[in-house]
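This report concerns only the one structure given below.
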2 protein chains.
Amino acid sequence: MSFDRLFGAIIEKKNPSVVGLDPAPGTIPPDVVNTFVREAEDPLLGMGEALCEWGERIVDAVHDIVPAIKPQMAYYEAYGWPGLRALAHTVRYARQKGLFVILDGKRNDIGSTMQAYAAAYLGQTEVDGKSVRAFEGDALTVNGYLGTDGIEPLLRACEAFDRGVFVLVKTSNPSSGELQDRDCGGKTVYGAMGELCEKWGAGCAGQYGYSSVGAVVGATYPEQLGELRTALPHTMFLVPGYGAQGGSAADIAGAFDRRGLGAIVNSSRGILCAWKKDEEKGYAAAAREAALRMREDITSVLPPIEC
Amino acid sequence: MSFDRLFGAIIEKKNPSVVGLDPAPGTIPPDVVNTFVREAEDPLLGMGEALCEWGERIVDAVHDIVPAIKPQMAYYEAYGWPGLRALAHTVRYARQKGLFVILDGKRNDIGSTMQAYAAAYLGQTEVDGKSVRAFEGDALTVNGYLGTDGIEPLLRACEAFDRGVFVLVKTSNPSSGELQDRDCGGKTVYGAMGELCEKWGAGCAGQYGYSSVGAVVGATYPEQLGELRTALPHTMFLVPGYGAQGGSAADIAGAFDRRGLGAIVNSSRGILCAWKKDEEKGYAAAAREAALRMREDITSVLPPIEC
């Protein structure tokens with residue numbers, strides 16, 4: 001029960017970065033959307049087809065460069081069930097291409113309900129005596145506000161299916177400190193959440209020293225990144241906030257250990273919207289070039305990744 | 001921007017309770033599942049049909065008794081996109097029957113992403129110049145761990161479409177205290193979250209005195225329910241944990257104000273699984289009887305609801 005599979009892919013590609021699949025409004029080129037929506041009986045159905053096509057082309061463009069993709073579920077949910085059908089398709093396609101898929105859904109609930117989320121995104125669902133896969137992610141982002149019994153069903157799924165979770169600890173957004181930075185008994189709320197991550201992953205670190213319980217820590221708070229790297233030695237970090245949100249390569253250096261491991265850095269808009277700076281190139285080719293630039297930028301501040 | 005529509009329905013039906021639609025494993029009678037799954041090309045597609053049928057029959061059975069239903073999204077997501085197609089169908093059907101629909105998804109993210117969740121569940125999505133509805137809920141449960149900028153897009157949707165949100169404050173599960181009960185500067189973490197609810201709803205209380213920003217507070221913590229009712233005078237409470245989780249009518253009395261308003265109490269398993277005690281009766285008739293018993297039980301501890 002660890003992130004060894006993901007670390008293996010990071011080492012193989014010498015690249016601790018992940019492409020965030022955020023099909024936000026304006027991200028998919030209008031002519032791609034229009035081609036599918038124009039011919040559809042319903043705009044959502046058409047958009048679902050557009051999402052499938054776009055997702056395949058982005059995966060094709062980056063699958064040999066990055067170890068992982070991170071679909072942001074909100075942008076698929078905004079297109080209703082056809083959006084979620086496209087998500088399932090994209091996850092399957094990416095996994096067939098060898099990518100590790102981090103579903104960014106930030107799910108959270110009481111234990112009995114989290115069993116259903118674990119089944120949906122990490123495990124399998126029983127239907128009339130058959131086991132089926134709903135959305136087959138390799139990892140899921142989650143929110144630990146409800147404490148241990150909301151996390152335990154996920155840990156069981158991680159164990160059974162070799163998956164991982166990333167728990168929100170210190171998020172990248174401007175107001176993350178309102179609750180997360182409060183002092184609670186000599187530590188911050190995010191510090192307390194980080195300690196829970198170490199507890200939830202205790203005793204199950206893999207060959208690279210990290211458990212299957214990771215943490216989300218924003219690139220926009222470099223000081224806290226370094227503080228948490230020291231405090232949480234067995235917790236892998238998923239680092240959003242690089243690029244469009246303002247975090248630089250220098251900002252994320254503290255998320256990594258001395259081997260250049262321990263974290264994976266996400267970029268979404270910087271990769272997906274690269275076509276807007278050179279529309280002639282096409283969105284997939286532009287995404288590929290941006291992913292290569294990101295790899296170069298991030299690895300430039302790290303020790304050589306070799307294990 | 002308030003919960004006036006929901007209060008209107010509560011007063012009309014003299015019933016501050018909500019039926020939680022939690023199609024957890026074993027909840028839908030096996031013969032209903034089997035009928036649909038047996039004939040389907042794919043188990044998930046069959047289960048989607050079963051969920052539609054079951055949801056319609058439950059709504060038919062309770063729509064004249066309760067003001068609202070609360071689908072628990074996790075249980076629909078566990079059945080993949082066909083489950084979410086069934087959710088959209090059930091929401092539409094319930095709203096046509098006059099029910100207020102609280103989507104229990106506990107969503108949370110940074111501001112730009114929350115815009116997508118707001119579009120998906122409370123507002124509308126733009127597709128190629130057209131505005132469409134993905135899942136048309138009346139309210140959404142959310143997690144405020146990320147602070148104000150993760151909540152603001154929801155407030156804009158509440159304003160534009162007359163919707164509401166319920167923010168997790170003190171949850172009903174056994175380990176809710178691990179983070180939520182910690183002392184942070186003279187108040188608990190849940191107390192700090194409650195204060196944020198009052199801040200987010202400030203200045204927009206409706207005719208019953210409550211804003212469109214509600215709070216989730218568990219029936220399993222009656223002392224905190226009363227404490228929060230006093231501390232958060234403009235914040236409506238959604239109260240889970242009654243019934244199967246252990247909360248009694250006496251436990252939830254403190255969630256209400258002197259007019260018998262200010263809260264709505266959820267029961268899921270107690271309603272949906274009532275058929276297991278009398279299989280002859282059928283699941284819909286058993287749910288109706290259980291919903292009537294719940295109304296009687298809850299109103300027995302409240303002042304007469306009249307405004």
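Coordinate-derived values only; no laboratory data. What you see is a predicted model, and the numbers here were worked out from it, not measured in a lab. For neighbour counting, all protein chains shown are included, and Cβ atoms are generated from backbone atoms with ideal geometry for every residue, glycine included.
Tabulated values for the structure
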| read-out | value |
| --- | --- |
| GNM flexibility winner over chain B from B:LEU99, B:LEU179, B:LEU122 (Cα, springs under 10 Å) | B:LEU179 |
| Amide H within-cut-off set for B:SER2, under 5 Å, with H built and near neighbours excluded | B:SER212 |
| Sequence of A:VAL217, B:VAL91, A:VAL19, B:VAL132 once ranked by neighbouring C-beta atoms within 10 Å, starting from the fewest | B:VAL132, B:VAL91, A:VAL19, A:VAL217 |
| Peptide B:130-141 - average C-beta neighbours from other chains (10 Å radius) | 3 |
| Computed [θ] at 222 nm, helices only, for chain B once each DSSP H run of length n ≥ 4 contributes -39500 (n - 2.57) | -13500 deg cm²/dmol |
| Which of A:CYS273, B:CYS197 has the fewest Cβ neighbours within 10 Å, and the rest in rising order | A:CYS273, B:CYS197 |
| Candidate lysines - alpha carbon under 29 Å from A:LYS97, same-chain residues fewer than 8 apart omitted | A:LYS13, A:LYS14, A:LYS70, A:LYS106, A:LYS130, A:LYS276, A:LYS277, A:LYS281 |
| The range A:6-21-the range A:43-74 distance, computed between alpha-carbon centres (Å) | 17 Å |
| Considering only the protein assembly as shown, percent of DSSP beta bridges that pair antiparallel, nearest 5 | 15 percent |
| Amide proton proximity set for A:ALA68, modelled H, under 5 Å, gap of 5+ | A:VAL19, A:PHE100 |
| Beta bridges per DSSP with both ends in the range A:4-299, % antiparallel, nearest 5 | 10 percent |
| Fewest-first sequence of B:ILE252, A:ILE305 by Cβ atoms within 10 Å of each Cβ | A:ILE305, B:ILE252 |
| Label-point separation in nm, B:VAL32 to B:GLU223, each point 7 Å along Cα→Cβ | 4.0 nm |
| Spin-label pair B:PHE161/A:ALA285, simplified geometry with 7 Å Cα→Cβ offset, distance in nm | 4.0 nm |
| Spatial separation of Cα centroids for the range A:258-307 and the range B:130-190, in angstrom | 33 Å |
| Cβ neighbours within 10 Å from other chains - mean over B:95-107 | 2 |
| Distant-in-sequence amide H partners of B:VAL167 (H built 1.01 Å from N, under 5 Å) | B:VAL142, B:GLY214, B:ALA215, B:VAL216 |
| Kirkwood Rh (inverse of mean 1/r, distinct Cα pairs), the range B:149-307, angstrom | 16.7 Å |
| Test item: B:62-68 mean partner chain Cβ contacts at 10 Å | 0 |
| Residue (of B:LEU45, B:CYS273, A:GLY8) at the positive-pole extreme of the protein assembly as shown, dipole from beta-carbon charges | A:GLY8 |
